[in-house]
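What follows is a single structure, written as structure tokens, with notes after it.
The numbers here are math on the coordinates, done by the rules we state, and not lab data. No experiment lies behind these values; they were computed from the predicted model shown. So basically every Cβ, Gly included, is an ideal-geometry build from the backbone, and we count neighbours across all protein chains shown.
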Amino acid sequence: MNLAKIARRRYTVGATPLEFLPNLSRELGGPRIHIKRDDLLGLTSGGNKTRKLEFLMADALARGADTIITTGAVQSNHCRLTLSAAVKEGLKCRLLIEERVEGSYNEEASGNNFLFRLLGAESITPVPGGTDLMTRMETMAQEVIAEGGRPYIVPGGGSNALGALGYVACAEEILTQSFDAGLDIDHVVCASGSGGTHAGLLAGFYGNQSGIPLTGISVRGAKGPQEAKIHGLAQQTLALAGAQLQIPVELSVVRDDFVGPGYSLPTKEMTEAIKLFARTEGILLDPVYTGKTAAGLVGMIQEGSFEKDSDVLFVHTGGSPALYAYPNESLG
Ligand SMILES: *Cc1c(COP(=O)(O)O)cnc(C)c1O
């Protein structure tokens, strides 16, 4: 694979840190836990969408777009970062907000919702959960054309094969950093939502024949369909990266037992994990994604999924601005 063949914008200076977490590792009694700090990526407040947008925005610019259209939930990190990338590139941005939990959209809400306005979204359109979002975005694109503009649609979560290349690049960055540090990673744990992160890492680790097992912690979908979705997207991503390889289906591994009552709805394990990371390492997680992913990591450690004398890498995909939209929620 040679990712340099594919157009890319750069939104982060250098690699994100790969750090050892000694206090957390001690608190949980092993394995050694390491963290990939993708919460420190560039653009407004960082997070995983920045890596995907490096490829997606390069494509939008190559096609001469002047208006980006995308969609996400009421506290979407993806919408915040897509808007931020549009600002940086001098493009306009329209947001379609899906109210996945009935009654959860509040124009006045803080967190990412506040940042949508601060960063100057051209429009913010809330629609009920279950709306056909791609069709709605196509209608919005027609409106932009009718006004004389040039639209570009970024899919939800930036999770098509082009966006997922950002996580092929992340897998390669992890392999280089761990090699430099003399660190032999035994297992990687990441969030699995719209899937670009999980699928990109799978494609990157498999495409480099690294043999590193990867587990995605679902924040929404059920295991079976999520594993199929990740495998399909990883396969497409690998093809786009130029590798003629078939990824064995059993390498797409999803745990769906940390979702709780549903997407973005709090669980006790999530609040415990957020407090644990904050109080042992001073690292902020978020209630929707990384809090549940960390709950999955802790759960897997407690059930003995990892050898005590092994090295596990947790991919921190960002999201901390959403913390400020969940006041109290027993986090304080
Ligand atoms: C979007 C998001 C995820 C999930 O990543 P996908 O690529 O959509 O699966 C995880 N963490 C945070 C903070 C996110 O914003």
Open item on the list: Using Cα-Cα distances under 8 Å and only pairs 6 or more residues apart, what relative contact order does segment 224-273 have, in percent?
Closed with: 31
Task: Order of Asp256, Asp132 - criterion: other Cβ atoms within 10 Å of each residue's Cβ, fewest first - done: Asp132, Asp256
Task: FRET efficiency, 1/(1 + (r/R0)^6) with R0 30 Å, evaluated for Phe20 and Asp132 via beta carbons - done: 0.10
- [ ] Kindly give Rg over Rh for the chain, based on alpha-carbon atoms, with the Kirkwood expression for the hydrodynamic radius.
- [x] 0.95
TODO: List the relative contact order of segment 49-158 as a percent without decimals, with contacts defined as Cα pairs under 8 Å and 6+ residues apart.
DONE: 37
TODO: Determine the calculated [θ] at 222 nm for the chain from helices alone, applying -39500 (n - 2.57) to every DSSP H run no shorter than 4 residues and normalising by the residue count; nearest 500 deg cm²/dmol.
DONE: -13000 deg cm²/dmol
Task: Spread of Cα-to-Cα distances over 5 Å intervals beginning at zero, given as percent, for segment 49-158 - done: 2, 13, 26, 25, 20, 10, 3, 0
Open item on the list: Is there a quick way to get the dipole size of the chain? I mean about its Cα centre, with the Cβ of Lys and Arg at +1 and of Asp and Glu at -1; what is the value in debye to the nearest 20?
Closed with: 580
- [ ] Using per-residue counts of other Cβ atoms within 10 Å, averaged over each peptide, order 40-52, 242-254 from highest down.
- [x] 40-52, 242-254
Task: Distance between modelled label sites at Thr12 and Ser305, nm, 7 Å Cα→Cβ extension - done: 2.3
TODO: Choose one answer from Val87, Val259, Val188: the residue with the largest mean-square fluctuation in a GNM of the chain with alpha-carbon springs under 10 Å.
DONE: Val87
TODO: Would you mind ranking Ile185, Ile6 by Cβ crowding within 10 Å, fewest neighbours first?
DONE: Ile6, Ile185
Task: Net length gained if the chain between Phe179 and Leu3 were fully extended (0.36 nm per residue, minus Cα distance) - done: 61.4 nm
Open item on the list: Which residue, His231, Leu162, Ala273, has the largest displacement toward the positive end of the dipole of the chain when charges sit on each Cβ (Lys, Arg +1; Asp, Glu -1)?
Closed with: Leu162
Task: Highest-fluctuation residue, Ala164, Ala60, Ala181 considered, GNM on the chain with Cα pairs under 10 Å - done: Ala181
Task: Leu245-Thr125 pseudo-label distance in nm [points 7 Å out on the Cα-to-Cβ vector] - done: 4.1
Task: Selected from Ile301, Ile283, Gly318, residue furthest toward positive end of dipole (the chain; charges at beta carbon) - done: Gly318
